1. How far is it, in nm, from the label point at ARG88 to the one at ALA390 when both lie 7 Å from their Cα along the line to the Cβ?
2. With runs of 4+ DSSP H residues as the only contributors, calculate the mean residue ellipticity of the chain at 222 nm using -39,500 (n - 2.57) per run, divided by the residue total and rounded to the nearest 500.
3. Per residue, how much space in cubic angstrom lies within the convex hull of the C-alpha atoms of the range 170-405?
4. Give, in whole angstrom and from largest to smallest, the semi-axes √(5λ) of the equivalent ellipsoid of the range 322-472, with λ running over the eigenvalues of the Cα gyration tensor.
5. Using bins 10 angstrom wide from zero, how does P(r) for the range 237-288 break down, in % of all Cα pairs?
6. Among 430-438, 162-170, how do they line up from the highest to the lowest mean number of other beta-carbon atoms within 10 Å?
7. What's the extension gain from LYS78 to THR242 if we count 0.36 nm per residue and subtract their Cα-Cα distance?
8. Just need the relative contact order of the range 8-153 here, percent rounded to a whole number, with Cα pairs under 8 Å and 6+ apart.
Amino acid sequence: MDGSTLTTLTQDVPSGSPGAVPAKRLHVITWGCQMNVYDSARMADVLAPLGYAATEAPEAADMVILNTCHIRDRAAEKVFSELGRLRRLKDAREAEGGRMILAVAGCVAQAEGAELLARAPFVDLVFGPQTYHRLPELLARLDVAPGGPAVIDTEFPPEDKFDHLPEAAAPQGITAFLTVQEGCDKFCSFCVVPYTRGSEQSRPAGAILAEARRLLAQGAREITLLGQNVNAWHGAAPDGGTWSLARLIRALAELPGLARLRYTTSHPRDMGADLIAAHAEVPALMPFLHLPVQSGSDRMLAAMNRKHRAGDYLDLVGRLRAARPDLALSSDFIVGHPGETDADFAATLDLIRAVGFAQAYSFKYSPRPGTPAASAPGQVEEAEKDRRLAELQALLREQQARFNAGCVGATVPVLLTGPGRHPGQVAGRSPWLQPVHATAPVRLIGTVVPMQIAAALPNSLSGTLVPESVPA
Ligand code: SAH
Ligand code: SF4
Ligand code: F3S
């Protein structure tokens, strides 16, 4: 914290009725994966009893939280440019005699909290993904020491944050995230997640079912189970045993009001036979699976410590498609991992052609401090990474366009999630996670309706309601 700029204790906020918690405004900026999106929502839940309500406008905020991502260099650098902008708002507030608390949370905070404070000493509060349930306590420490040193908490605490998060959560909407598993023990050569999120932890089934019931009571119709290795989930069961993710999915599918279930992100090694069977047998489980493979070269997969070969992945895809013929796949790819040759890259293109992906994310390898690949020999030139990425993305784009075009003319069940951009329009999503735009009455939002797909755009579909399906 920059002591010279923090001279006032008073909170410049309107006071409520006597005894009420004074209203304060919270602005959260979120980067990174869906788990960060979930965490940001939970941070807001933790802060609500302290009087914080969300604001879209950072300049109006009494507290700004940056929930950060450390996965690639670019992601981490964005934090510093945003902090520069926020510092000006904070200074302006202080010039008026007010106070703006600036907090950095998430994976950058966890990985480089101390360095971050050295580089941005005007930051007040730094906390990691496993300590945000302690926010009230951290804020109290800050309040007793205005102008004092910043408060930092990047422990992996002995207590489980989920046991300390408030039950009453703000509604997420028709599609909702639910974290079931966190952390990772896989230590892929390139990845910071095992260091930023800690070791693999599964929440108990009872707590997950209770949270799912709350989400459904608040109007959710589709729930996406989240975990860094979600299919490694194995949690304490209500009957005293241990359930697998497949068993959990079967229990969740029974909950009244639930229309759709998804889970992400999976590791190929944890794709058990029972989970594949669930894809065949549980209608609520959507026929779309994000299954990162990273590379199609056995040499690279070994160097990446992925612990499977390209052939294993192709076999797995075969078994999944046998179980659920309309299953569409998505994946993550890294080009230019240390040691990657032209032949290795060609093997990745071969794997992509063999599978045929509906969608994918692809990245240039970015060396991350503290990971084995960062100091490995054979680092690939940036220009070569650019070239490979462009070629890979052209192929993936072509596959996505083909998949979307293949939907034209078909009638597909669409979950309507909200109003569209123009009056009379609604937005929804297909079973394969494609955004669908259509003209339909807003009263249908929250229901699954059959739509005939009229046109495919690069990243979405447009549909028309099948008239006889619309309830009066
Ligand atoms: N747990 C998931 C993914 C976590 S990170 C899994 O095992 O697949 C999301 C994606 O970011 C990864 O799948 C990988 O493709 C990419 N990624 C991770 N570290 C990276 C790095 N150092 N450089 C480039 N991409 C990276
Ligand atoms: Fe990272 Fe690998 Fe763990 Fe995924 S499985 S989070 S890529 S270490
Ligand atoms: Fe990023 Fe942390 Fe998620 S590094 S991808 S926010 S687990």
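1. Computed distance between label sites ARG88 and ALA390 equals 3.4 nm.
2. Details: 12 runs with 155 residues, N = 472.
Helix contribution divided over all residues of the chain: -10500 deg cm²/dmol.
3. It comes to 131 Å³ per residue, whole-number rounded.
4. Details: eigenvalues 320, 51, 32 Å².
The answer is 40, 16, 13 Å, longest axis first.
5. Going out from 0 Å in 10 Å bins, the range 237-288 shows 22, 56, 21, 1 percent.
6. Sorting 430-438, 162-170 by mean packing, highest first, produces 430-438, 162-170.
7. Values: separation 164, 0.36 × 164 = 59.04 nm, distance 4.10 nm.
Additional length available on full extension: 54.9 nm.
8. Details: 232 pairs, mean separation 34.2, N = 146.
Taking the mean separation of contacting Cα pairs over the length of the range 8-153, I get 23 percent.
Values in this text are rule-based calculations from the coordinates and carry no lab data. Everything numeric here is computed off the predicted structure, so don't read it as measured data. Note that each Cβ is placed from the backbone with ideal geometry, even for glycine, and that neighbours are counted across all protein chains shown.
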